[in-house]
Amino acid sequence: MSLLQPDPQAPSVWRDNLPVTSRYTYGLAGERFFRILKDEGKIIGSICAACGATYVPARAFCERCMAELTEWTDVGLVGELHTFTVLFVDMEGRPLDEPELVGFVRFGDGGILHKLDADPDDLQIGMKMEAVLKPKAERIGAITDILGFRPVT
Amino acid sequence: MRKVAVIGAGMTKFVRRALETPKELAWEAAKMALESCELTMKDIDAVCFGTAPDAFDGVHMNGEYVSDGAGAWRKPFMRAFVGGGTGVFSSIQGWYHVASGMFDVVLVVAEEKMSSFYPHAQAAFLTIFDNFTERPLKPNLLWIFALEMNRYMTTYGLKKEDIARVAVQHKRNAADHPCAMLGEPNITVEDVLNSEVLAWPVQRLDVSPISDGAVAIVMAAEHVAKRLTDKPVWIEGVGWNLDTAYWTNRDLVYPRYVEYAARMAYEMAGIKEPRKEIHIAEPYDPFDYKVLHHLEGLQLADRGKAIELYLDGTAARDGNLPVCPSGGLLGVGNPIAAAGLMKIAELFWQLRGEAGARQVPGNPRRGVAQAWGDLMQIGTVVVMGR
Ligand SMILES: [Zn+2]
């Protein structure tokens, strides 16, 4: 059984869609975060000293006190595996040919959601994970410039 | 502020694919609620309507589009929308319409038709994620719940077979609900553990089903409520609270947003010891582990210990603190906004002694309902009593 269940008893329908395409600007913080990822291969965060919070990926303002964040920091490419999952179905509930690994790697008070390159049996919450970047020439300034995370060996 | 009572309730069946349009579903529930307290639209001063993302019904400005089904024709009308928290929040909205003194009688309707989304409603959630850091990975909601469940289980050393008891109990409870979609009196822990793995540790039967349905209630000021019914059920406390918009910055093990909402509602209701003063709990249960999260946030269990309420029978319908005697989202179904308002309707029926085969014994006097949603960061809580 999958999430997608054809139902022979389903009532008759009219098919239509909501056609919407959007162009999203990266914004004040995103523009800088992704440019540094592309050009320098670094993951950067921004710090609110007053709240003691390090936002990763970097943000333009602190959501707690609403101050502008001007202190930026290189948090390195190694974070901590906060949690992970093994995916067996796709968005529409169809089985995947090969299970995929997804994890949340913590940096500062935030972190990055991404694919993991590892044997699921080797994964443990709390272990160190390292970002694997595309070669500089192939990077475009997007989260997919990071190919994924793998255990630090 | 004025005292506010719930005086009537109605609910459609929750089904996988309804023939009815969203308007017709809303109308069916509204009509049942009005008839339950022998009122007509002439008696209704204002209408509150809850429906979750427009994408499900597939109509932009869906609240206004469905409004006639909710009885809004030539009435003051307002739509509440806080994602999965919408159903419980719509009753909070109804409460302040009346408590403020603006209106004496308000009809509150919550509706969701998720089957319109094709081929699967899960895809509607793709666009709730951050455009830059998450959407390029094509995440779906299951990822987030699987990640949260894994962190919660690992932190407290909980076992899958124990968490499965939550799904089993709710689906068994739902077997007694005439509107339920997945009531299964004989389901076992093995059935849950043998169901398809979607995103480990989340399996098919750990999850509530995509559904269509609607629920409605009638809320009235004290002087009207006392004239219309011998059994008003009072709204004793309300609370709501929003955590950070970034799930990556949230505590995945403990829902602060539920705690703060619960404390707000308990303070208003004068509740100091919720574990003694609450007799029925209807926490939001789209996933089995999420019930445990929410019971802890509601201060009804210590952190990491909510599972014990299921293991020792406390959470059973005849236990000391029945949890989701309705059958919840896991058993009755999960048409998002309607599922939340179902919890308010369930407390209404339970506290009046009108819950039929689902009735909790011992003349319960007070209950709490809770829902969760938006970008998984809102807690909405209502305490009801008689
Ligand atoms: Zn700050």
Could we say that B:Glu112 is in contact (Cβ under 8 Å) with a residue 40 or more places away in the chain, closer than 30 Å to B:Trp27 by Cβ and of a type in the set (Asp, Glu) here? yes
Of the residues in the range B:57-82, those that are surrounded by 20 or more Cβ atoms within 10 Å (Cβ to Cβ) and within 21 Å of B:Phe125 (Cβ to Cβ) come to B:Asp57, B:Asn62, B:Gly63, B:Val66, B:Arg79, B:Ala80, B:Val82
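Has the range B:119-127 got any residue that is aliphatic (A, V, I, L, M), more than 30 Å from B:Asp68 (Cβ to Cβ), surrounded by fewer than 18 Cβ atoms within 10 Å (Cβ to Cβ) and out of contact with any strand residue (DSSP E or B) (no Cβ under 8 Å at 6 or more places or on another chain)?
Yes, the conditions are met somewhere in the range B:119-127.
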Just to be sure, is B:Asp162 over 28 Å from B:Ala18 (Cβ atoms), in a helix (DSSP H, G or I), of a type in the set (D, E, K, R) and out of contact with any Phe, Trp or Tyr (no Cβ under 7 Å at 6 or more places or on another chain)? yes
For the range A:8-43, what are the residues that are aliphatic (A, V, I, L, M) and touching a residue at least 24 places away in the same chain (Cβ under 8 Å)? A:Leu28, A:Ala29, A:Leu37, A:Ile43
Look at the range B:326-378 and say how many of its residues are aromatic (Phe, Trp, Tyr) and in a helix (DSSP H, G or I). 2
Among the residues in the range B:145-164, are any closer than 22 Å to B:Gly84 by Cβ, within 9 Å of chain A (Cβ to nearest Cβ) and free of Cβ contacts under 8 Å to residues at least 40 places away in the same chain? no
For the range A:81-97, indicate whether the set of residues that are more than 10 Å from chain B (Cβ to nearest Cβ), out of contact with any Phe, Trp or Tyr (no Cβ under 9 Å at 6 or more places or on another chain) and under 24 Å from B:Val202 (Cβ atoms) is non-empty. yes
If I ask for residues that are crowded, with 21+ Cβ neighbours inside 10 Å and more than 10 Å from every other protein chain (Cβ to nearest Cβ), which ones from the range A:20-43 would you list? A:Leu37, A:Ile43
Could you tell me how many of the residues in the range A:44-72 are near the ligand (Cβ under 8 Å from one of its atoms) and in contact (Cβ under 8 Å) with a residue 60 or more places away in the chain? 0
(1) in contact with a helix residue (DSSP H, G or I) (Cβ under 7 Å, 6 or more places away or on another chain); (2) surrounded by fewer than 24 Cβ atoms within 10 Å (Cβ to Cβ) all hold for B:Leu330 apart from (2)
Inside the range B:85-112, can you point out the residues that are surrounded by fewer than 24 Cβ atoms within 10 Å (Cβ to Cβ) and assigned to a strand (DSSP E or B)? B:Val105
Please tell me if B:Ser195 is surrounded by 24 or more Cβ atoms within 10 Å (Cβ to Cβ) and either modelled with pLDDT under 95 or touching a helix residue (DSSP H, G or I) at 6+ places or on another chain (Cβ under 7 Å) (or both). no
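Output yes when any residue across the range A:31-47 is over 30 Å from A:Lys136 (Cα atoms) and not small (Gly, Ala, Ser), and no when none is.
no
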If A:Phe104 satisfies all but one of (1) more than 7 Å from chain B (Cβ to nearest Cβ); (2) closer than 30 Å to B:Val197 by Cα; (3) among the aromatic types (Phe, Trp, Tyr), what's the number of the condition it fails? (1)
Just to verify a result, which residue in the range A:44-59, among those that are crowded, with 16+ Cβ neighbours inside 10 Å and not hydrophobic (A, V, I, L, M, F, W, C), is farthest from A:Lys134 (Cα to Cα)? A:Thr54
Do we have B:Glu190 as part of a helix (DSSP H, G or I) and more than 14 Å from chain A (Cβ to nearest Cβ) here? yes
Name the strands (runs of 3 or more DSSP E) wholly within the range A:36-153 that hold at least 1 residues that are under 19 Å from the mean Cα position of the chain (by Cα) and under 30 Å from B:Phe117 (Cα atoms)? A:78-89, A:95-107, A:110-115
Take the conditions more than 21 Å from the chain's Cα centre (by Cα), part of a loop (DSSP other than H, G, I, E, B) and of a type outside the set (A, V, I, L, M, F, W, C) and apply them to B:Asn131. Does it pass? yes
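So which residues in the range B:1-23 are polar (S, T, N, Q) and either more than 14 Å from every other protein chain (Cβ to nearest Cβ) or touching a Leu at 6+ places or on another chain (Cβ under 9 Å) (or both), if there are any at all? Let's see the steps before the verdict.
So the first thing to find is which residues in the range B:1-23 are polar (S, T, N, Q), and the list is B:12, B:21.
B:Thr12 - this is the single residue of the range B:1-23 that is polar (S, T, N, Q) and either more than 14 Å from every other protein chain (Cβ to nearest Cβ) or touching a Leu at 6+ places or on another chain (Cβ under 9 Å) (or both).
The values are calculated or read from the model by the stated rules, or taken from the named source; none is laboratory data. Just so it is clear, the structure is predicted and the values come from calculations on it, not from any experiment. Cβ coordinates were reconstructed from backbone atoms using ideal geometry, including for glycine residues, and neighbour counts include every protein chain displayed.
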